[in-house]
Structures are given as structure tokens and as C-alpha cells.
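All remarks here apply to the structure that follows.
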Amino acid sequence: MEKLLEIVLQISLSTAAVIGVLLLLVPLWQKRYSARWRKAIWLLLAVRLLIPFSPELSVTPVQMDMNWQAVPVWQSAAMDNAMPDAADVAVTGDAVQTVSNAAQNNVAVVTDTEEATGMQVSRGEVWALIWLIGISLFLLIHGIQYVIFYRKVLKNALSLPEQHDLLRQAGAGLKLRSYPDVLVSGEAQGPMLIGFMKPMIILPERIYSQQELLLILRHELVHHQQHDLWYKLVLLVANAVHWFNPLVYLLIGQANRDVEQVCDEKVVANQDMAYRKAYSMTILQAMSNNRGIALSTYLSKEAQNGKKRFTAILYPQQYKKGLLLLCVVITAAVGISGCLQVGTDAAVEIDEEALKGMGAELYKQVAPWLPEHAIQNTEAYTFQTGNNDSQRYYTWKELPVEVSEIEGGTWPAAYVQIDDKLYRYQHMLEVWIDADTQEITAFTYYKDGWGYYDEELLAASSFFQTEESKQHYVEQFAEDFIPDGSRLVFQKDSNVSGDYTAMDEKNHMEYLIDLDPVTGSIHSYQKRFFHLAWQNELENWAVDQYRKNMGDVIEFPLDIEAKEYNFQWKKDGQYILAYPSDRFYWRPKLTTQMEQKLERLRQIDEQQYEVVYRSYQGTFLKRFSSYIVADIAGKNKLDLSTAQLYYYDETNSAWKPWDGERWQWEKNRMQIEWTAASYARAYCEKQREAMSLFGVVDGIVFSERTYRYVYNSVLMDHCKIATTNLDGSELVALQVELTTEDDSVDYLTMQLEKVNGEWQVTGAWLEK
């Protein structure tokens, strides 16, 4: 509903500009163009007000941002200390890999806070509700007025005697297919046409001469011929939708005056002065001092400009054709709306060249919070685009030193290979910005490839004497660096030393700060959109997707554990949630063939059967990198009907949507790994009966070495599938690492094939 309101405001403001110009020029164009053309233009503008469409321009000259941020329902819409709308931000998993997962431990805090603050609504929802209430009241008031007026006038109304002949005489030359009924009512204050499905001419209980009666009837018949009641209905609906726009009311008034003038011009066309004088006097006497209702041709003195109207009747002019004017108005009404953008998603052209030159200035913003002289040459940086159109990031790399290998836990991007030699940068800085707002959304400083510090370094901390001094330093950073950061309360994570997190539930923002207590610097900062309810919705939705698409071959005793999210953002009407590692617990379903094999094993060796069956009953861990996109519907809700789950394709280094082929591929992979791990476990334990459940045993020679890993869950982590085609049409080559007690490694290489719908090991050999 917020989006619809934005469109209505955009159209209302842009069309109002055209209406305003036309109203100012009314004295001029009344002299040049007939009322018929003016009437058509007002109708065009009214229809424009009802069409929720505007052309999309690459550059929008005029933008009006609306503050739609969420607030508790009891809070005032105007808060003195309200933060501006936080930038929609996306931070890649790479950019924040070193940020600890403090948010996992803040879920309970957020939940408690949301329960305490109550239901959150956006200002957009409040204004949309007010707009809908205004429409409802407008239509309700006019509807009640119409019904009361209709019933009152028709009460005890009588048909006009000899109306058939009178109507035929009055409508001569109008080429009417049908004639409305003519009724006389004591409640009517003047003549009028009323009724949509069954039009009726209502006359007051007044004595008219034959000529007056014919002139009044012809006047109303012309309204009937021109479909003026329907014309007025369009005006009324446009007025209801744009009840807040005063220029629309002025348009309605001018349109009603031109409706009457068109009718007058039609009645007196090709008539002499005597006829026009008689018509003018008849219209003057028929006017009432009371105001009528909107959906009738009631003649009210208040609504008419008598002097100009009667001048036009008595002295008709020759007018120009208004086709050119009509085309100009159409172009203006549509074109101006394309030049105005209302709402929070206003499209802004991003000046890439200007952004490229911002690196040195951005460094000045983060430099006070980094180790002294962290970067020597602030002009030597690279500029890149992130995962979405709003992301841009800057990278500084200095002082490379030669190393022999990439150390575990260090940042891979901190390494470079030159002439077959490997180097690691001693200093590296990444700064991320939102390209629309140019606001820093994240930065990370890496020293010797590390963006975080281990417990030994923390234990040697000397910069901060107390935990309170660390907290104070972080809060000082927030107050100086984050807009209105003084409102935020950062809490130290209880599990990961050095990490601080603050939640701004009102604006759905989360701030993460990693503190280096040794040097007294901020080595990592991140801001991201956070919506706990949406996160939980998407987590449950993801679980349902896995179950729905993989449940025919896999059992799910446990849910997916997806608490280690590393970026979220809201952008262009969508909410994106990414997890670097979904912990997916599962176990395979037993096929009929496998159950038969297990039963035979039980008969042969009860003890071995128990070992194998317990292995099956256990749960196994699988990790996925997930990326979920869902549309944001009206009332600030997620629309899961179009939600899409993505997986990370490491071969192409890109996110790709899950489809039927990918689901089948993943099911086959999990079955293959479980079969291979089960076979390898039986091999390590030298159990031929168990091996036979999963494949061949003939020709297999057991190693004399003792292996350390004998559990399926561990062995599955050591499975390396060499084949990419897993649809069962060809053999799958797979290797499992077997670690011995002396820490050496053997490799059990297997070939797997799908036999009767079940994966089996069809060949195996050991490589030392």
C-alpha cells in the first residue's frame, strides 16, 4: 500500500502542476477554444489522476524522499531525535568474513526488545491508512447524500402528462436512441437529470409555459446525449482518490462550468437572438439557490458564473480547434509525472567517476579509528563494484612480504602471486559505501592478512585497562562515526572477545564493531539492515524448500541451523538474506533394497547389524551457502510467493537459483557421499558384511594400517567427488581421505554407479 500511495502522490503532484497552469490561463484559452475542447481536457486530466502509471526515466530531475521508517504504533510521527532512513546496504561474505558472529547471541535480546516496544509500523503505513480513510469518508459522504437526495426527490413523484410527445419535440435533431422518463416532484428545487442505469428528468412542481418546458427538456436531453452523469462520476472518483489535493477541487469546479457551457452551446446552436434570449431567461428562472449533489445536472446559482454564461449564450463566438492544445496537455500530464519521483526508492544516477575519486576522503573518515599510519599512500587504492548496484568498495594494499604459503585463517585477498612467488600484504584496508548515499557501511583493516585477533593477543592486551574502558571507546566511535550513534548501546558479545553489537530496532539496523584491544583501534565495522521477523520467516521458508524438494530421499530430524548470517539488506522492494554456511542436518531414507540387505546382515551378524543401523539412525551435517531474495509486499510484509533460494556456484563464482536439476544433483551428491562414507567406514573396520551393503567386496584387500576416522559424519567431510555429472548416467569418481594413527594419509578411491535406483560402490582401491 505504501508503494501505491507513492505512485498516487507522484501523479497527484505532477498533474497538479498541469492543472495549475491551465487554471491560470483560463481567461486566455476560454477566448480561443470552445467549452467542448476544455471539457475534454478536464476529463483527460481526471483520467490521468486515476491511471497508476508514469514513464520511467533513467534520470529523475525532481525527487521527493518520504520517511517511511518503522516506528512503534504509539509514537508520534514527528520525533525530535529520529534517525534518518538507514541506507540499504549489502555486504558480501568476503567483506565481512572476519566479523565475528556476535549477532547469533543477540537474537534473544532483539526478541525481548521487540516484545517490549510493541508492534512496529512504518510512517508509510500510517499515511497510507490516512489516505484510505479519506477516500472512504469522501465516497461515503457523497454516497449517502446521493441516496437521500434520490429517495427524497422520487418520493410521491408523478409522471409528466403527455411526456412522450414533449420529449420527441424537445429532442428533435439530437438523434437519441432512448428517452429518459420525466417526473414531477414536490421535493425538487429545480430541473435535473439523475440516475445512471435508468436516467430520469426531474421537474419541480412549478407552472411552466410550453416554450419554457421544451427548453428545459432539451437542456436535460443534451446532458443525457453527452453522457454527462458518467463524466461527473469520473470526476468524483478522481476527487476521492486525490481528496488531499486542493487543485483537484478547482479542476472539478471548472469542469462542471464547462459541462454546462457545452450543453448551452448545443441547445442554442444555429438559433436566432429571440431563441437565445428565451433560453437564457428559462435557465435563469430554473436555477436554485440550493446546492445539488455531485452526480446530477442540478442547476445551482452558487455553482454557475451567470454573467459569463449568459454572455456566451447570447453572443456565441467562433473558436479554434483544440486538437493541438489537447496533445500538449496529454504530453505534459504524462511527461511531468516521469520527471518526479516520490518515495524512498528514488532512482539516482550514480556518478562512477566521482565515486572513484572519493577514496582518500573516505580514508580520512576511518583513519582516526585505525592503527597510526595504517596506510601510507592514501591515493593508491582500487575501486570496485559490489554484489548489487548500490555497493562500491575501496581497497588499499601495502608492504608485501614474501611467504611460502597461505596461512590458515588469514584473508586470501591479502596475498598476491608475482613471478611464481607468493607475497602477503602487511597492511590492507577495505572500505565499503552505499553508492546512493555515499555513506560508509563497512570497513575492515587487515594486518599481515588477519582481520581478527586470537586469544593470546587478547590476553596480552595493554591498551585498555578495563572492560569499561573498551566499552567507552566503542561508544565514542559510534557517537563520532555513526549518524546519531549516541542513541546506540553497544553490548559486548559473551562468546567472542572484542566484538560489540548494537541493535536499532526502530530503524531495523544492526551495527557490528570489532575492537583490537592491543592497539586500541577499530579493525572492523559493519552496518546492515536487520529485521528479526523477516529473518525467521525466511529461515522457516528455506527449511520448507529443502524438505519439499529433497524429502523423497532424505529425512529431516532437525531443522537447518542458519544463525551465522553475514549480510542482510533491503533494496528496491526486496529483502535479501545470506548465510555463509547453513548447517543442514539430515539422514538418508532407507530404500526397500537397503532394508532387505540390512535384514540379511542382521541374520548373519547381529552385532554388525546394530553398528550399521545406528550409523543410519545418526544425523549428518551438510553445509550450504544460501542467498534468499523475497519481495516486500504492502504493509511492510514479505511476499514469499515469489521468494527465490540461491546457491553459490564455486566453479563460476556466482550465485545461481535452485532449480529442479540442481535439487536432483544435490540429492544425488548427498546419497553418494553417504554411501561412500559408509563403505569407507566398513573398510576401516575390516567388515566385509557391512561393505556389501554399499557395494562390491570381491577383490578388496584390507590395509594393515589402523585408521583414526571411523565415523560417517567425519568421513563425509573428507569425501572429494571428482565427477561433476551426478545424474546417474555415468560412473562417479570419489576419493576419501583416511588418516592413520601416525597422522599419515591413505586415499580410498571409489567408483559409484546407480543400480536399480540406488547408489552403489562398483569399484574400490587404496592409494597410500
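Laboratory data are not the source of any read-out in this text; all were calculated from the coordinates shown. Small disclaimer: the values here were computed from a predicted structure and weren't measured. Virtual Cβ from ideal backbone geometry, glycine too; neighbours counted across all protein chains shown.
Which distance in nm do the two modelled labels at Gln644 and Arg177 give, with both placed 7 Å along the Cα-to-Cβ direction?
4.9
How high is the FRET efficiency between Thr311 and Val47 when r is their beta carbon distance and R₀ equals 22 Å, given to the nearest 0.05?
Using R0 = 22 Å, I get an efficiency of 0.10.
If R0 is 60 Å, what FRET efficiency do you get for Val416 and Gln285 from their C-beta distance, rounded to 0.05?
In this case the efficiency is close to 0.05.
Compute, for region 677-768, the length of the dipole vector about the Cα centre, with Cβ point charges of +1 (Lys, Arg) and -1 (Asp, Glu) only. Units Debye, rounded to 20.
My answer is approximately 80 debye.
List the residues, sorted by chain then number, that are 5 or more residues from Trp450 or on another chain and whose placed amide H is less than 5 Å from its amide H.
Sorted by chain and number, the residues that satisfy this are Trp411.
Once the mean 1/r over all distinct Cα pairs of region 545-658 is inverted, what Kirkwood radius in angstroms do you read off?
17.0
Can you tell me which of 184-191, 203-210 comes out highest on packing, and rank the rest after it, using the mean Cβ neighbours within 10 Å?
Those peptides, ordered most packed to least, come out 184-191, 203-210.
Which value, in debye to the nearest 20, gives the size of the charge dipole of region 545-658 about its Cα centre, when Lys and Arg are +1 and Asp and Glu are -1 at the Cβ?
Value, rounded to 20: 260 debye.
Over all directions, what mean area does the Cα convex hull of region 677-768 project, stated in square nanometres? Intermediate values should be presented prior to the final figure.
On the way: hull surface 23.1 nm².
Over all viewing directions, region 677-768 projects a mean Cα-hull area of 5.8 nm².
Between Ala722 and Leu25, what is the label-point separation in nm under the 7 Å Cα-to-beta-carbon projection?
8.0
Ordered by residue, what ³J(HN,Hα) values in Hz, to whole numbers, does region 665-681 give under the Karplus form 6.51 cos²θ - 1.76 cosθ + 1.60, where θ = phi - 60° and Gly and Pro are x?
These are the phi-based 3J(HN,Hα) values: 4, 5, 4, 4, 4, 5, 5, 5, 5, 5, 4, 5, 5, 5, 5, 5, 5 Hz.
Non-local amide H neighbours of Met192 (under 5 Å, H modeled in plane, Pro and chain starts lacking H): which ones?
Ile202
Karplus couplings for region 212-224 from phi (6.51 cos²θ - 1.76 cosθ + 1.60, θ = phi - 60°), rounded to Hz, Gly and Pro as x?
4, 4, 5, 5, 5, 4, 5, 4, 5, 5, 5, 4, 5
Among Leu621, Ala578, Met550, whose Cα sits farthest toward the positive end of the charge dipole of region 545-658 (+1 at Cβ of Lys/Arg, -1 at Cβ of Asp/Glu, about the Cα centre)?
Ala578
Can you work out ³J(HN,Hα) from phi for every residue in region 643-649, in order, using Karplus 6.51 cos²θ - 1.76 cosθ + 1.60 and θ = phi - 60°, giving whole Hz and x for Gly and Pro?
Running phi through 6.51 cos²θ - 1.76 cosθ + 1.60 with θ = phi - 60° gives 4, 9, 9, 10, 10, 8, 8 Hz.
Over 26 Å between Cα atoms, which of Lys397/Lys506; Lys548/Lys637; Lys356/Lys635; Lys364/Lys421; Lys527/Lys635 qualify?
The pairs that break the limit, which is 26 Å between Cα atoms, are Lys397/Lys506; Lys356/Lys635; Lys364/Lys421.
What is the distance, in nm, between label points placed 7 Å from the Cα along the Cα-to-Cβ direction at Asp742 and at Arg705?
Simple spin-label model gives 0.9 nm for this pair.
Any idea how far the Cα center of region 210-256 sits from the one of region 396-440, in Å?
That distance is 72 Å.
With a ≥ b ≥ c the root eigenvalues of the C-alpha gyration tensor of region 236-277, is it rounded (a/c under 1.5), prolate (a/b larger than b/c) or oblate? All intermediate terms of the calculation are to be shown ahead of the outcome.
Working: a/c = 6.50, a/b = 4.03, b/c = 1.61.
In terms of gyration-tensor shape, prolate.
If amide hydrogens are placed 1.01 Å from N in the peptide plane, which non-local residues have theirs closer than 5 Å to the one on Leu422?
For Leu422, the qualifying residues are Val403.
Can you tell me the FRET efficiency between Thr651 and Ser713 if r is taken as the Cβ-Cβ distance and R0 is 22 Å, rounded to the nearest 0.05?
After rounding, the FRET efficiency stands at 0.25.
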